[in-house]
Amino acid sequence: MNLPVFHLPTFGNTDRDGDVIEAKAFDAWVKEHPVVPMLFNHDRNKVMGKLSLSVHDKGLRVVGEFNEADPDAVNVHALIKKGALDSMSVGMAIKDYEPLAPDRSLGG
């Protein structure tokens, strides 16, 4: 069961927390990890399948494949197809950053 292809995040846009992901931010990671687990709600105990990653000029390209043998993954896939789940997020560990606003050290 394949997901639609998502292009996320788009480089240069500001997210709801004020963070901006710059071009080339994922290059090294994707080169070493072209396939990663697809998690539900960032929960490492809820692996729904796998995500194949690639980088293009606009952002990170994500193609998902659900584990058809897992009833939870089948359910999540059904919810996506019905439009009940309609977004993805990217989780990452930041090694270094520079706040854009001194009064918001954890955002932007």
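None of the figures in this text is laboratory data; all of them are computed from the coordinates on show. Not measured: the values here are computed from a predicted model. FYI the Cβ positions are ideal-geometry reconstructions off the backbone, even for glycines, and counts take in every protein chain you see.
Points to keep in mind about this one:
- Meets criteria (surrounded by 15 or more Cβ atoms within 10 Å (Cβ to Cβ), under 13 Å from the mean Cα position of the chain (by Cα) and over 29 Å from residue 99 (Cβ atoms)) for residue 63: yes
- Residue match in segment 14-25 (condition: part of a strand (DSSP E or B), out of contact with any helix residue (DSSP H, G or I) (no Cβ under 6 Å at 6 or more places or on another chain) and of a type in the set (S, T, N, Q)): yes
- Qualifying position, being outside any loop (DSSP other than H, G, I, E, B) and either touching a residue at least 12 places away in the same chain (Cβ under 8 Å) or under 26 Å from residue 11 (Cβ atoms) (or both), among 62, 90: 62
- Filter result for residue 47 (surrounded by 12 or more Cβ atoms within 10 Å (Cβ to Cβ) and touching a residue at least 40 places away in the same chain (Cβ under 8 Å)): no
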